[in-house]
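Okay, so here's the structure we're looking at.
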Amino acid sequence: MSTATLHWFLPTNGDSRHLVGGGHGVSTESSGTIRPADLPYLIQVARAAEQVGFAGVLTPTGAWCEDAWLTTAMLVAHTERLKFLVAFRPGSISPTLAAQQAATFQRHSGGRLLLNVVTGGEAREQRAYGDFLDKEARYTRTDEFLHVVRGLWRGETVSFAGEHVRVEDAELARLPDPVPPIYFGGSSAAAGPVAAEHADVYLTWGEHPEQVAEKIAWIRGLAAERGRRPRFGIRLHVITRDTAEAAWAQAESLLAALDPAAVARIQTGLAASESEGQRRMRALHGGRYDGSARGLEIAPNLWAGVGLVRGGAGTALVGSHTEVADRIAEYHEAGIDEFVLSGYPHLEEAWWMGEGVLPILARRGVWAPPGRLPDPGPAAVPARAS
């Protein structure tokens, strides 16, 4: 089995020593002071992630955060080897422009772009961006979108007329080198075939290990029917300390700072989500808590407390450095190849991970520090008939 790849997260909606809400139709808010997501702070987070050994950083998309393309483009020059997992929605950009942007990003960054294609699970937010398709149609559009993008990246001249995407004689003057891998997630029946057809890495949120294993088997089976073998990734928060007691004390502190009225309001908003993944996240805690962090431990060291106020990824690995390493190793053994991790605040928690957990994973052979990228040299310009 190959070693796992570990990524971190860029909090482009703001950071805090407390839990920060946001995503899936809920606003960004915190029970404590929010650190603005300005460029100087994000540079600190990116550099810390790079220095401790993370391979890349995920940058989210949506009305609740800063634009991922622009933010990561500004951070490239402040890092050396760190890759940027840029999330974006097919409904807000043409496939030809997306393919061109990716090619440009690869040339200027030295091949450090990864792409997270987000179909979009909140109709209200989609409409704010001018997208009035329903959920099923959005997945059909994503499939058509990626069909065009893949063709362009192969150097083809693409003419395509689908239900939602239409291009005529589209082509790229310069191809991306390397072609950026596609990260894609989705838990609904409509998501499965799209993931199986296009995803290089299928992402899931941090559910119970048995649920994660079921998802892996589902997508692996669909992909095998298409002659494909995607990798698998998981999105989790972490609270790791020198001792389990210290980690759970931190979880208790985060939980104690929450306003029950705010939790109820946020859960009402998340209950209206069209996302199957979000429904599964809410089912882990049911929107209720008894004031005890341990009461939200749904599996060994897997805590559902983050999902009380945050849309999307709502679970955290909580425990000593050894315990967190144990859980990562177990997910890896179950088929997870890549981990997209985060913690509050992201700057300090990156160092807890880097100094506490990563050395344990390295000693066990589960993870190895990423090497410096070689100089890619000048990008080739594909020949065109005149």
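List of remarks:
- Test result for Leu203, free of Cβ contacts under 8 Å to residues at least 60 places away in the same chain and either open to solvent by 20 Å² or more (accessible area, probe 1.4 Å) or not aromatic (Phe, Trp, Tyr) (or both): no
- The set of residues in the range 87-96 that are without any contact (Cβ under 8 Å) to a residue 40 or more places away in the chain and outside any loop (DSSP other than H, G, I, E, B) comprises Ala87, Phe88, Ser92.
- Answer from Gly151, Gly155, Gly120, Gly111 - the residue that is without any contact (Cβ under 8 Å) to a residue 60 or more places away in the chain and in a loop (DSSP other than H, G, I, E, B): Gly120
- Enumeration of residues in the range 42-59 that are in contact (Cβ under 8 Å) with a residue 60 or more places away in the chain and either charged (D, E, K, R) or crowded, with 18+ Cβ neighbours inside 10 Å (or both): Val45, Ala48, Ala49, Val52, Gly53, Phe54, Ala55, Leu58
- Of all residues in the range 158-173 being touching a residue at least 12 places away in the same chain (Cβ under 8 Å) and under 25 Å from Gly185 (Cα atoms), the one that is least open to solvent (accessible area, probe 1.4 Å): Val165
- Some residue of the range 74-83 being of a type in the set (Val, Ile, Thr) and open to solvent by less than 30 Å² (accessible area, probe 1.4 Å): yes
- Evaluation of Pro176 against the conditions (1) out of contact with any His (no Cβ under 6 Å at 6 or more places or on another chain); (2) buried (at least 21 other Cβ atoms within 10 Å of the Cβ); (3) at pLDDT 95 or above; (4) part of a helix (DSSP H, G or I) shows that the sole unmet condition is (4).
- The set of residues in the range 104-144 that are among the acidic types (Asp, Glu), at pLDDT 90 or above and open to solvent by 20 Å² or more (accessible area, probe 1.4 Å) comprises Asp134, Glu136, Asp143.
- Count of the range 92-136 residues which are within 22 Å of Arg81 (Cα to Cα) and basic (Lys, Arg): 2
- The test for being in contact with a Gly (Cβ under 7 Å, 6 or more places away or on another chain) and either open to solvent by less than 20 Å² (accessible area, probe 1.4 Å) or at pLDDT 95 or above (or both) does not hold for Gln250.
Each row is one residue, and each column tells you yes or no for (1) open to solvent by 20 Å² or more (accessible area, probe 1.4 Å); (2) closer than 19 Å to Tyr139 by Cα; (3) among the aliphatic types (A, V, I, L, M); (4) in a helix (DSSP H, G or I).
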{"site": "Glu66", "(1), (2), (3), (4)": "yes, no, no, no"}
{"site": "Leu70", "(1), (2), (3), (4)": "yes, no, yes, yes"}
{"site": "Leu85", "(1), (2), (3), (4)": "no, no, yes, no"}
{"site": "Ala98", "(1), (2), (3), (4)": "no, yes, yes, yes"}
{"site": "Ala102", "(1), (2), (3), (4)": "no, no, yes, yes"}
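The values are calculated or read from the model by the stated rules, or taken from the named source; none is laboratory data. Since the structure is predicted, the reported quantities are computational estimates derived from the model, not experimental observations. Cβ sites come from the backbone with ideal geometry, for glycine too, and all protein chains shown count toward neighbours. For the accessible areas, the whole protein counts, side chains as well, though only heavy atoms, and no ligand, DNA or RNA atoms are used. Shrake-Rupley method; radii C 1.70, N 1.55, O 1.52, S 1.80 Å.
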